[in-house]
């Protein structure tokens, strides 16, 4: 994000040997619109806080598999010895101890922090891939629809209407078994977690792109009437150049904002799907799986109930705040 | 002289005081037409009808905006033709047709003898090098996400004219030509003022060394003092590189300075076309006269000899449903019955002067009888005249003929 297309284009150019007889000489470096946006963003404290939390989540997500490998996180071992005769964790607040900072799971005695942490990683990964896919489909179709217009625009527009009018949640539930079979048998996706994750990612992406495409189409409709697009036409710019070099750099702002708003929506959606049992199945922890299990103990083990819910709420709120902050930073004309 | 040898003049350092002095303060006299130059661009009966679609799913065509309706003119090599008219008269559309941003409904655009009116995108690509455009709004004509170097160098990269390493020196050279600091190649458009941005746009249009530049209101978005600088820059460029200009503007003073030839458009048609003197001192069309009377004149204001302002009644009619006959008749002070029945042909009334009016004449000297009735084969009210036969040599041509109807002497004029 720190490098725009234009920066890339001016890189590698030789340093000009200046004319020393004029003032105003020396190395003149322009501030790109992106650079200015970052400077504005930095001044916004709330956005910076949410940015740091999001960054920590992502860092934690990347680290989680290694921590499991080195035995620092252990989401699967049973610790029956830490449970009392009602299979509830012994000790205060769900059995919080140095070894188990968020206590242990009632019934099995698995480490809650490990399960929530690893669950966050899995949920975040699924949401990230799904939203990137949805963004890619939506952006390409939106640019093509907006720039080409006419019949192409009409076809894509109807496709958007069609996709949006599908009862996606019902279909997701109804199609889960046959699609799972299709993925494992015909596409040779390994059975189990990976197949379920693939199903959820593909499904979220397929039903997630239409709003992006609509947004981008609208933006492109206004951009294509600007004179620099005509100028590019006059130079004989190819379609590819037009889409990706002239128009796309002007779409980073809405793209980034919608991405930071789509991702938390997908985190919640994935949690809901795990809860409904059409995403990755237990015992593999996802935020939804842990949450579903924890609901059974809402009365007896508050910490266990609270942990996954808080993990979901925090990341969703922070991503949303980040998106709002980015919107303000990228569009200096918008009022707060 | 080539691009390489050219050193920009010091045109920018002057601070002109009044509008009257502005255009000549940098030593740039009014442009003179090149003598005997061959036409580089011939536009012949160009038409552009934009369909008006009904809303809803079916989107039937319910009408047409007749933005440009049968326009013919010529631009000579190294010359410049001014295209003036009020907003919505089709002058910008004409410019975009010639650069082929639009495909015309009918008519011909002959560039160096080749008709490009309906050329396909692939055939157009080599032509794009020769016809370039300067845009009106310097705030939207530069991609805000590209550096100045990327903007000016893009045409070179697209047409693969220069190897990558030579693009930057060329970009800096162009920046110098338009009077900007060549070190500013890695700045972004938002760091420049309107006038500087327009210079960047001009540099970009020069990148491919075009033979024809379509300047679509190149100075109307700028400050008056900046306007003069930019106009002078354009003149320098024309003089040094011999670029032909189609100069679209609504400012008659700028056009008078820049263009040896001027065409006046009204509602998609050319109503009067001629050299500078014919239009500014010898206008025969009531619309041209009205336009000219609206130009503020500092000298006349000072001496108190301000001529009467001709006020046109009403608004410009809709180009979807233009008036019958002469399109100007609804607002014309001298319109008669024939004007509603017949469209006036573009008559040549001077060596380089054509006018489309049934009653052409200097201000206050318009003839009582339509001069065109004999040619059209009708009586003075415009009804068919059984005694007369329509003239056959009324075919409109882009250029000027060797013979014309001399209105003062009532004879046929010859070169």
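Read-outs throughout are calculated quantities, based only on the coordinates presented, and are distinct from any laboratory measurement. Since the model is a prediction, treat every value here as computed from it, not as a measurement. Cβ atoms come from the backbone with ideal geometry, glycine included; neighbour counts cover every protein chain shown.
Data table
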{"read-out": "Subset of the stretch B:194-211 (residues that are more than 12 Å from chain A (Cβ to nearest Cβ), touching a residue at least 60 places away in the same chain (Cβ under 8 Å) and not in a loop (DSSP other than H, G, I, E, B))", "value": "B:206"}
{"read-out": "Test: residue B:191 is within 9 Å of chain A (Cβ to nearest Cβ) and under 22 Å from residue A:248 (Cα atoms)", "value": "yes"}
{"read-out": "Residue B:162 surrounded by fewer than 20 Cβ atoms within 10 Å (Cβ to Cβ), more than 8 Å from chain A (Cβ to nearest Cβ) and farther than 23 Å from residue B:198 by Cβ", "value": "yes"}
{"read-out": "Hits in the stretch B:143-158 - residues which are more than 13 Å from residue B:172 (Cβ to Cβ), more than 7 Å from chain A (Cβ to nearest Cβ) and surrounded by fewer than 24 Cβ atoms within 10 Å (Cβ to Cβ)", "value": "B:157"}
{"read-out": "Some residue of the stretch A:111-118 being more than 18 Å from residue A:58 (Cβ to Cβ) and part of a loop (DSSP other than H, G, I, E, B)", "value": "no"}
{"read-out": "Candidates A:208, A:146, A:138, A:142 - the one that is over 24 Å from the mean Cα position of the chain (by Cα), buried (at least 21 other Cβ atoms within 10 Å of the Cβ) and touching a residue at least 60 places away in the same chain (Cβ under 8 Å)", "value": "A:146"}
{"read-out": "Residue match in the stretch B:259-281 (condition: within 21 Å of residue B:92 (Cβ to Cβ), assigned to a helix (DSSP H, G or I) and more than 14 Å from chain A (Cβ to nearest Cβ))", "value": "yes"}
{"read-out": "Selection within the stretch B:111-126 - crowded, with 18+ Cβ neighbours inside 10 Å and more than 13 Å from residue B:40 (Cα to Cα)", "value": "B:117"}
